[in-house]
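Inspection log for the structure reproduced underneath, given as structure tokens.
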Amino acid sequence: TNTPYDSNIGWTIDFNDKDRDFIGKNALEEKKDSKKILKGFYTEERGVLRGGAEVIFEGGSGVVTSGTWSPTFKKNIGFCRVDKNCGEIGSAVLRDKKITLKFKILRFFLKKILMTEIQKKVIIVNLH
């Protein structure tokens, strides 16, 4: 079972009002210090990692939650839930071949997509 803390969305849970009660409150309070985080990854190598693939890196491990080809980045990208001590580089096995993964914070996907959209608008404006 994954909690909001394992997916970097613990900020969505409001514990400020001590009188406010909700289902699962006690369980979530106990799991505030998650040992896992959700990270983005990309690889320059061929092949798309799918959910369930094991991710390994020096000092820890994790699992791919999803992966796909990105026409925007022209790379294979995905999400993985890994130990908090995750560095910048790891690996996974795809069809008996070890491939290198480069980990990034999740915002890098959004930043690239927004920049691409802004560039398209600038190009359209400049054409008129």
Residue selected from the stretch 1-17 under the condition open to solvent by 60 Å² or more (accessible area, probe 1.4 Å) and in contact with a strand residue (DSSP E or B) (Cβ under 9 Å, 6 or more places away or on another chain), by the criterion farthest from LYS74 (Cα to Cα): ASN2
Name the single residue that is surrounded by the most Cβ atoms within 10 Å (Cβ to Cβ) among those in the stretch 73-95 being farther than 18 Å from GLU44 by Cα and among the charged types (D, E, K, R). ARG81
Among all residue pairs at least 6 apart or on different chains, which show Cβ distances below 7 Å where the first residue, located in the stretch 1-28, is without any contact (Cβ under 8 Å) to a residue 24 or more places away in the chain and the second is in a loop (DSSP other than H, G, I, E, B) and among the hydrophobic types (A, V, I, L, M, F, W, C)? none
I'm checking my understanding of the structure. Among residues of the stretch 18-60 that are at pLDDT 85 or above and of a type in the set (Asp, Glu), which one is least open to solvent (accessible area, probe 1.4 Å)? GLU45
Whichever residue in the stretch 61-88 is over 14 Å from PHE103 (Cβ atoms) and of a type in the set (Phe, Trp, Tyr) and, among such residues, is modelled with the highest pLDDT: TRP69
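Considering SER70, SER66, which residue is open to solvent by less than 40 Å² (accessible area, probe 1.4 Å) and of a type in the set (S, T, N, Q)?
Answer to the check: SER70.
The values are calculated or read from the model by the stated rules, or taken from the named source; none is laboratory data. All figures in this text were calculated on a predicted structure; none of them were measured in a lab. Glycine also receives a Cβ, built like all others from the backbone with ideal geometry; neighbour counts cover every protein chain displayed. All accessible areas refer to the heavy atoms of the entire protein, side chains included, with ligands and DNA or RNA removed. Shrake-Rupley method; radii C 1.70, N 1.55, O 1.52, S 1.80 Å.
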